[in-house]
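Notes to accompany the following structure.
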Amino acid sequence: MAVYTLPELPYDYSALAPVISPEIVELHHDKHHAAYGANDTLEQLAEVRDKESWGSVNGLEKNLAFHLSGHVLHSIYWHNMTGDGGGEPLEKDGVGELAGAIAESFGSFAGFKAQLSKAAATTQGSGWGVLAYEPLSGRLIVEQVYDHQGNVGQGSTPILVFDAWEHAFYLQYKNQKVDFIEAMWQVVNWQDVARRYTAAKERRDSLLLAP
């Protein structure tokens, strides 16, 4: 039985247009996300244990990190967006706690937006720009994630992710990744980001025990 399954989209393919075209949403979700093979890698690792044949374990562990992280980040990505989103988190919209945390951690929403945009747009090769909750400090940080799993602070919980892989934008934006990242701010679902922030804070003690 599959441990990880492709989540259904919370909207139809055209819901994010014109920021993201229906064709991209369909291909990105139905083809690219569906292709991550964490389940296959878990089966291969089980076979390695059964046979005590450890020669391939290094490559399989790397594969597991890649495919599992790709699945997790994409699962967050779909819910981080909505056709009714955009702007910035405001107290009047019920996301004042998130807005306050952003201001405290980055100085201002403008400073945060600029940092996450630059992190996503300047990721070399394939990767993500990520807003994450860091449990040791209790603050928000921006991470620049290579591929799906590299360059990540241990214990941090992603709450807003910008996919900067070419398959996320190339059919529509060609090689203008900066334009795609700027357009992404028009579809951010701050209600979803706020829920993830609250959940990450509530799990702080269970995520990392104090020394």
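Please treat every number below as a calculation from the coordinates, not as lab data. The model shown is predicted, which means the values in this text are computed figures rather than measured ones.
I need the phi-derived Karplus couplings for the range 137-149: 6.51 cos²θ - 1.76 cosθ + 1.60, θ = phi - 60°, integer Hz, Gly and Pro marked x.
8, x, 10, 8, 9, 9, 10, 10, 9, 7, 6, 10, 10
Could you give the distance between the Cα centres of the range 172-190 and the range 110-125, to the whole Å?
Their Cα centres are 11 Å away from one another.
Given Cα positions, please report Rg to Rh for the range 123-205, the hydrodynamic radius being the Kirkwood one. Provide the component values of the computation, followed by the final result.
Numbers: Rg = 13.8 Å, Rh = 13.7 Å.
For the range 123-205, the value is 1.01.
Compute the orientation-averaged projected area for the chain from the convex hull of its Cα atoms and round it to one decimal in nm². List each step's numbers first, then the result.
Details: hull surface 53.1 nm².
Directional mean of the projected Cα hull area for the chain stands at 13.3 nm².
With axes computed from alpha carbons, what is the tilt in degrees of helix 190-202 against the longest principal axis of the chain, rounded to the nearest 10 within 0 to 90?
Taking Cα atoms only, the helix is inclined about 60 degrees.
Once fully extended, how much extra length lies between ALA103 and LYS51, figured as 0.36 nm per residue of separation less the alpha-carbon to alpha-carbon distance?
Details: separation 52, 0.36 × 52 = 18.72 nm, distance 5.33 nm.
Using 0.36 nm per residue and subtracting the Cα-Cα distance, I get 13.4 nm.
With a 10 Å cut-off between alpha carbons and a GNM built on the chain, which of GLY153, GLY127, GLY55 moves the most?
Looking only at GLY153, GLY127, GLY55, the biggest GNM fluctuation is shown by GLY55.
Calculate how steeply helix 38-51 sits against the longest principal axis of the alpha-carbon atoms of the chain, using the helix alpha-carbon long axis, and give the answer as 0 to 90 degrees to the nearest 10.
So the inclination is approximately 30 degrees.
Rg/Rh for the range 1-110: what does it come to with C-alpha atoms and Rh from Kirkwood? Working shown, then result.
Values: Rg = 19.3 Å, Rh = 17.0 Å.
Taking Rh as the inverse mean 1/r over Cα pairs, Rg/Rh reads 1.14.
Return the lysines within reach of LYS31: Cα separation strictly under 24 angstrom, same-chain partners fewer than 8 residues apart disregarded; answer none if there are no such residues.
In chain and number order, the partners are LYS62, LYS174, LYS177.
With everything on Cα atoms, drop me the angle between helix 57-79 and the longest principal axis of the chain, reported from 0 to 90° to the nearest 10.
Long axis of 57-79 versus the principal axis of the chain: about 30 degrees.
Kindly write out, for the range 19-32 in residue order, the coupling ³J(HN,Hα) from the Karplus curve 6.51 cos²θ - 1.76 cosθ + 1.60 (θ = phi - 60°), rounded to whole Hz, with x marking Gly and Pro.
3J(HN,Hα) across the range 19-32, in whole Hz: 5, 10, 6, x, 4, 5, 4, 5, 5, 5, 6, 6, 10, 5.
Hey, in the GNM for the chain with a 10 angstrom Cα cutoff, which one of ALA120, ALA46, ALA164 fluctuates hardest?
Largest GNM mean-square fluctuation: ALA46.
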